[in-house]
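The values are calculated or read from the model by the stated rules, or taken from the named source; none is laboratory data. From a predicted model like this one, the values you see are computed outputs, not experimental measurements. Here the Cβ positions follow ideal geometry from the backbone for every residue, glycine too, while neighbour counts run over all protein chains shown. Note: accessible area is taken over every heavy atom of the protein model, side chains too, but ligands, DNA and RNA are not part of it. Shrake-Rupley method; radii C 1.70, N 1.55, O 1.52, S 1.80 Å.
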Amino acid sequence: MNFTKPSKQLLILIAALLISGTALAERTLLNVSYDPTRELYQDFNKEFIKYWKDKTGEDVEVQQSHGGGGKQTRAVIDGLEADVLTLALSYDIDQIAEKARLLPKDWQSRLPHNSLPYTSTIVFLVRKGNPKGIKDWGDLVKEGVSVITPNPKTSGGARYNYLAAWAYAEKTLGSKEAAKDFVKKLYKNVPVLDSGARGSTTTFIQRGQGDVLIAWENEAFLAINDNENGKDQFEIIVPPTSILAETPVAVVDKIVKKNGTQDLAEAYLKYLYSPVGQKIAAKHYYRPSEPEQADQADLKRFPKLELFTVADKFGGWAKAQKEHFDDGGTFDQIYAP
Amino acid sequence: MNTISPVLTVHSKPLTIGDADWVRYALVALTLTIIGVFLILPLATVLIEAFAKGWGAYASSLTHPDTLAAIKLTLLTAAITVPLTTVFGVSAAWAIARFEFRGKSLLITLIDLPFSVSPVIAGLIYVLIFGAQGWFGPWFSEHNFKVIFAVPGIVLATLFVTFPFVARELIPLMQEIGHEEEEAALSLGASGWQTFFKITLPNIKWGLLYGVLLCNARAMGEFGAVSVVSGHIRGLTNTLPLHIEVSYNEYDFVGAFASASLLAGLAVVTLVVKTFLEWKQKQDLKASRKAADSH
């Protein structure tokens, strides 16, 4: 066998690959995040790297890992070395503090606005013209309406969806029993549970499944504005009431100490609160915690609606998690695939 | 998965007793339709989507740093796992085909284990063993060595799923060839290694290459097991199959399908080489049988 010629080419290719992949940066930061923040952090990381270079002269690299929030939490507990967490709900970071003891339990009081540089909410995305006439949560349980939402066991966004529906039902129908019945009917209308919010969005948009997507507000906006023909195919329906999605950020103490990245990680999260960070958040359809810093044109896109919090309606995430999403909780009781 | 040895084809002409013509044509048409719908059409879709925005977009998405990093990691993983499974496969096949020992059937069963275990489980067992909360995780973490969510974990998971390929290919082949030639060599004074390199290896070379080829295809294409242990850090721990999923989820369809076209290309090349190797192996066997008959 004579392999000389192809193997020469192969060597050149391998050499090219090796050179291309070599990182020039001195330190790297790993940001472990949930599904829909991909575009936000792609933008933000570029700005932060520039800012840090101007400020200190150091070249840094920021790496991203995305997935369903619950899955990402599990990975960090199992040893994925995140310098910073930018997750969908505080309960996930609580879990990391409790189970892996990587950061103190009072992490949420360390940054402004309860460690929330931005928040979001849950809205509906429907097909153009809203053929099924979806206006409020109550319309989702109607017969013949197919609803797309991810699995609350693995997705933080899906837990917000579930709790928003529950809170609506408890308020309008008057009792917990009625609320349980309501979500049971709702999940009967769900043909497929993806593991993360982004999976559900592609199911709805790309594969054309379902009449309504219960989605993060930013996911819904992204689907309409950043997708070819998005405006001709879909529209956003804002229910009169929904849940305030509190999406916190935190530095992971033990990891940054080990990696020697504490100053970098802290600066990274602080920069989220700066005018640049707030502008980028608003641009990517997250509601900035300091709206006066963001562009007014971006802020105008956010519809006004009545928002309730997990703390008000469910007594905090720990309680909500135990009652609804842990093994044997209400979700296990009502969901039969 | 094709674990049946290709040398076992017995009939040179198909048996056509009593089947009416229309039955045959209907079956052929049905087969072609199924192949067209389930194999050719998806493959064509991959290419159409990859080139949906022209050559420029295709090329630029393949030369994106994240894609290059994914290609690099995929090649690295294959470069580590394939030689290891080859060495293991040859020694296992040698032991099983040449010697009688206690626990032989148990060994064969164990070799097949990765075929019967879901790849996701294969990934999870490594998380349970090497994860931060696992058995050895804390020790590795103290010594600053990353297994899970880093390259070693990806290699381990890939090793697990590709383990049986070479061995499974060689065992029936070596049993079929028999050991007369090797015994002759040994009785003429050749050492064990000489016998292996001069007699055994030339006899099994096509089968061995065939096993290596299948093993390589799987090592580069594995998704489930690798997904569990990867951590999905873009540009660092995403292999090509994982990179495809990431790109798809970011609405970067050209990028996703461009990467997919690489894997599809790998599949086609694998198929062509595989056919060639099968043919070559048959020729060799025929030749050696003829030689044996004329003696």
Yes or no: region B:108-115 includes at least one residue that is of a type in the set (Phe, Trp, Tyr), in contact (Cβ under 8 Å) with a residue 40 or more places away in the chain and away from every other protein chain (no Cβ under 12 Å).
yes
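Please verify whether A:LYS128 is surrounded by fewer than 23 Cβ atoms within 10 Å (Cβ to Cβ), farther than 29 Å from B:ILE154 by Cα and more than 14 Å from chain B (Cβ to nearest Cβ), treating the condition exactly as stated.
Spelling it out, A:LYS128 is indeed surrounded by fewer than 23 Cβ atoms within 10 Å (Cβ to Cβ), farther than 29 Å from B:ILE154 by Cα and more than 14 Å from chain B (Cβ to nearest Cβ).
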When (1) open to solvent by 10 Å² or more (accessible area, probe 1.4 Å); (2) touching a Ser or Thr at 6+ places or on another chain (Cβ under 9 Å); (3) more than 10 Å from every other protein chain (Cβ to nearest Cβ); (4) modelled with pLDDT of 90 or more are applied to A:GLY70, the one that fails is (4)
Can you name the residue in region A:293-326 that is in contact with a Lys or Arg (Cβ under 9 Å, 6 or more places away or on another chain) and in a loop (DSSP other than H, G, I, E, B) and, of all such residues, is least open to solvent (accessible area, probe 1.4 Å)?
A:ALA294
Here the residues within region B:202-216 that are surrounded by 23 or more Cβ atoms within 10 Å (Cβ to Cβ) and touching a Phe, Trp or Tyr at 6+ places or on another chain (Cβ under 6 Å) are B:GLY211, B:CYS215
For region B:232-244, how many residues are more than 9 Å from chain A (Cβ to nearest Cβ) and within 18 Å of B:SER60 (Cα to Cα)?
3
List, please: which pairs have Cβ atoms under 7 Å, are six or more places apart or on different chains, and start with a residue in region A:80-97 that is closer than 21 Å to B:LEU128 by Cβ and more than 14 Å from chain B (Cβ to nearest Cβ) and end with one that is assigned to a loop (DSSP other than H, G, I, E, B) and open to solvent by 10 Å² or more (accessible area, probe 1.4 Å)?
none
Residues B:GLU169, B:GLU222, B:GLU182, B:GLU245: which one is open to solvent by less than 40 Å² (accessible area, probe 1.4 Å) and within 27 Å of A:ASP35 (Cβ to Cβ)?
B:GLU222
Looking at A:VAL76, A:VAL123, A:VAL62, can you tell me which residue is touching a residue at least 60 places away in the same chain (Cβ under 8 Å), assigned to a helix (DSSP H, G or I) and surrounded by 20 or more Cβ atoms within 10 Å (Cβ to Cβ)?
A:VAL76
Output the residues belonging to region B:22-54 that are open to solvent by less than 80 Å² (accessible area, probe 1.4 Å), at pLDDT below 90 and aromatic (Phe, Trp, Tyr).
none
Of everything in region B:116-144 that's more than 14 Å from every other protein chain (Cβ to nearest Cβ) and among the small types (Gly, Ala, Ser), which residue is most open to solvent (accessible area, probe 1.4 Å)?
B:SER116
Of the residues in region A:166-193, those that are touching a strand residue (DSSP E or B) at 6+ places or on another chain (Cβ under 8 Å), buried (at least 16 other Cβ atoms within 10 Å of the Cβ) and either outside any helix (DSSP H, G or I) or hydrophobic (A, V, I, L, M, F, W, C) (or both) come to A:ALA167, A:LEU186, A:ASN189, A:VAL190, A:VAL192
